[in-house]
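Report on the following structure.
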Amino acid sequence: MEFRGLGFVPLFIAFWCTAWVAVSYTLTVIYGHAPLLMYISDTGNYYPEKITFKIGFLGMSNANLFLALLLYNFILLHAEAFGARQPMIQKILLAMGITSCIGTAVMSVFETAFYPVTHGVGAIFAFACGCVYNLWQAILLYKVPGIRRAICHIRMASSAMAFIGVITFSGCQLSVFTKLCIGDYAKQLSLTVSWKGYTICKRENQDSAV
């Protein structure tokens, strides 16, 4: 069985993401569930925008999974144009792409307001693995015959920006974590962990802290 015209898949993902993000953001602002300047995760905590948040991320996760499998098979069919090592590299990248899709699904199901740890772990895997996957595929795109250089440059620039964003975010989070766990702040804070997530609060009395 042969399928033609599958080039619409990336375009569909772009329009899908734009549409549901716009709807979720608008509903969140209208109902006053978050300020104008918010994280995208803040649009998935309460109804009704919670519905579009879940549908949007789950739909994107499935579409990205289909696209990763499609690209994997395309490169295997044209392996001679990409080098002898590409099949093995593509298996690793496919695993990262699938991991990113699973992380996207996890962060869509578990809201940041009620399950911050689970949501955060899913987001880390989704964006970190997704950025590495897209950056490498953007580099590989230059070897595809017949592809316009402008498209290669656009994907490379967007992938590099996303990768830099992940590195910057990870560095900032590591800095905050270091201050909380190693610095003077750690002596004044207490950590409470439950099945819903964690809570960090300031100790009222250091000597009486458990």
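The values are calculated or read from the model by the stated rules, or taken from the named source; none is laboratory data. Keep in mind that this is a model prediction, so the values were computed, not measured. Using ideal geometry, Cβ is built from the backbone for each residue, glycine included, and neighbour counts are taken over all protein chains shown. SASA here: full protein model, heavy atoms, side chains in, ligands and nucleic acids out. Shrake-Rupley method; radii C 1.70, N 1.55, O 1.52, S 1.80 Å.
Starting from residues that are of a type in the set (Ser, Thr, Tyr) and crowded, with 17+ Cβ neighbours inside 10 Å, keep the ones in the range 47-62 and report whichever is nearest to Gly97 (Cα to Cα).
Per the criteria, the residue is Ser61.
Among the numbered conditions (1) surrounded by fewer than 18 Cβ atoms within 10 Å (Cβ to Cβ); (2) modelled with pLDDT of 85 or more; (3) farther than 19 Å from Gly56 by Cα, tell me where Cys129 comes up short.
Single failed check for Cys129: (1).
Scan the range 106-121 and give yes if some residue there is modelled with pLDDT of 85 or more, touching a Leu at 6+ places or on another chain (Cβ under 9 Å), among the β-branched types (Val, Ile, Thr) and within 21 Å of Gly59 (Cα to Cα), otherwise no.
yes
So Glu111 passes all but one of these: (1) of a type outside the set (Phe, Trp, Tyr); (2) in a helix (DSSP H, G or I); (3) surrounded by 19 or more Cβ atoms within 10 Å (Cβ to Cβ). Which condition number does it fail?
Going through the list (1) of a type outside the set (Phe, Trp, Tyr); (2) in a helix (DSSP H, G or I); (3) surrounded by 19 or more Cβ atoms within 10 Å (Cβ to Cβ), Glu111 breaks only (2).
Filtering the range 81-105 down to residues that are β-branched (Val, Ile, Thr) and at pLDDT 90 or above, which residue is nearest to Leu70 (Cα to Cα)?
By that ranking, first place goes to Ile98.
Give the residue, chosen from Asn134, Asn64, Asn73, that is touching a residue at least 40 places away in the same chain (Cβ under 8 Å), of a type in the set (S, T, N, Q) and in a helix (DSSP H, G or I).
Of the residues listed, the single one that is touching a residue at least 40 places away in the same chain (Cβ under 8 Å), of a type in the set (S, T, N, Q) and in a helix (DSSP H, G or I) is Asn64.
Select from the range 132-160 the residues that are open to solvent by 20 Å² or more (accessible area, probe 1.4 Å) and among the hydroxyl-bearing types (Ser, Thr, Tyr) and list them in ascending order.
Matches in the range 132-160: Tyr133, Tyr142, Ser158.
Take the conditions among the basic types (Lys, Arg), at pLDDT 70 or above and farther than 19 Å from Ile40 by Cβ and apply them to Arg155. Does it pass?
yes
Sort out which residues of the range 114-125 are farther than 19 Å from Glu49 by Cβ and either surrounded by 21 or more Cβ atoms within 10 Å (Cβ to Cβ) or in contact with a Ser or Thr (Cβ under 6 Å, 6 or more places away or on another chain) (or both), and write them in order of number.
Phe125
Is it the case that the range 72-93 has a residue that's buried (at least 18 other Cβ atoms within 10 Å of the Cβ) and of a type in the set (Gly, Ala, Ser)?
No - not one qualifying residue is present in the range 72-93.
Of the numbered conditions (1) at pLDDT below 85; (2) over 30 Å from Phe114 (Cα atoms), Tyr39 satisfies every one except a single condition; which is it?
(2)
Working only within the range 20-38, note down all residues that are assigned to a loop (DSSP other than H, G, I, E, B), open to solvent by 50 Å² or more (accessible area, probe 1.4 Å) and of a type in the set (A, V, I, L, M).
Residues satisfying the conditions are Leu36, Leu37.
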